[in-house]
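Report on one structure; see the data block that follows.
The values are calculated or read from the model by the stated rules, or taken from the named source; none is laboratory data. No experiment lies behind these values; they were computed from the predicted model shown. Positions of Cβ are backbone-derived with ideal geometry, glycine not excepted, and every protein chain shown enters the neighbour counts. Note: accessible area is taken over every heavy atom of the protein model, side chains too, but ligands, DNA and RNA are not part of it. Shrake-Rupley method; radii C 1.70, N 1.55, O 1.52, S 1.80 Å.
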Amino acid sequence: MKKYILLIIIMCSSAIGFAHSPDASTLVLAEQKNSTWVLQINASLTAFQQEVRTHFADTPYKTPEEFQEMVLAHIKNNLLISFNNGEQITLGKGIVKLGHETKVIFEIKDIPASIESAVISNKVFDDISRNQSVLMVFKEGFVKDHFNLNQANDHTIALLVKDNKFVETAQQNANISPSLIIIFLLAFMGLGYLIKKMLKLKTKSTVQDD
């Protein structure tokens, strides 16, 4: 049983490490049931604080509300999204959920119903050394996939739609740090393994009681 408890500790420690890592972030672009879209950015609070201090040095924030407004403004100025070789998509109303892992959520307007291509450029954390992010695009009826934005591709990726799937227009360097991989792989593989083992223990215990 001790090794299963250890597995839980490892999983929790990995998640906590991700939340505190200023150079790792995730970017989720998701279509909702009513055909609207949302954008969610997950990153450590430290990363957002560093960017705000750098870009708003002349007007430092005095309240959490002012900090949140600066975060939203910084993202709007440094995150570019376009579809079908069109104009940049406008980010709508945004909210900031502060925490060790801070979440920023935007409504997105004017995304075409039929998507043929997309370009996403994330320079939000450009002032943080070796920063990188995982981009996930979720569209109804499309294959779910993720892409890496890092220094190798200048934090910019061009995607094409092929057979209901987003694919890169050119193969890019996928240098992704373990801190980003762990949050996806360990959470699914480790948890599934743990549940399987616990069910076996429960079954064994029931047989012995009988």
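If you take the beta carbon distance between residue 156 and residue 33 as r and set R0 to 25 Å, what does 1/(1 + (r/R0)^6) give as a FRET efficiency, to the nearest 0.05? Can you show the working numbers first?
Numbers: r = 30 Å, r/R0 = 1.19.
Computed FRET efficiency for residue 156 and residue 33 comes out at 0.25.
Aspartates and glutamates within cross-link reach of residue 62: Cα-Cα under 18 Å, excluding same-chain residues under 8 positions apart?
Hits, sequence-local ones excluded: 51.
If you put +1 on each Lys and Arg Cβ and -1 on each Asp and Glu Cβ, how big is the dipole of region 124-172 around its Cα centre, in Debye rounded to 20?
My answer is approximately 180 debye.
For region 101-147, run through the trypsin sites (Lys or Arg not before Pro) and keep only the ones in DSSP coil with at most 13 other Cβ atoms within 10 Å of their Cβ.
Here the sparse-neighbourhood loop sites are 109, 130, 144.
At what distance in nm do the modelled label points of residue 84 and residue 143 sit from each other, each positioned 7 Å from its Cα along Cα→Cβ?
Between residue 84 and residue 143, the simple spin-label model gives 2.4 nm.
Residue 22: net charge of surrounding residues, Cβ under 13 Å, Lys/Arg +1, Asp/Glu -1, itself excluded?
So the environment of residue 22 carries a net charge of -3.
Got a number for the accessible area of residue 45? Probe 1.4 Å, square angstrom, nearest 10.
50 Å²
Pop a pseudo-label 7 angstrom from the Cα along the beta-carbon direction at both residue 98 and residue 114 and give the gap in nm to one decimal.
Computed distance between label sites residue 98 and residue 114 equals 4.7 nm.
Residue 168: net charge of surrounding residues, Cβ under 14 Å, Lys/Arg +1, Asp/Glu -1, itself excluded? Please list the in-between numbers first.
Working: positive: 162, 165; negative: 145, 154.
Result for the neighbourhood of residue 168: 0.
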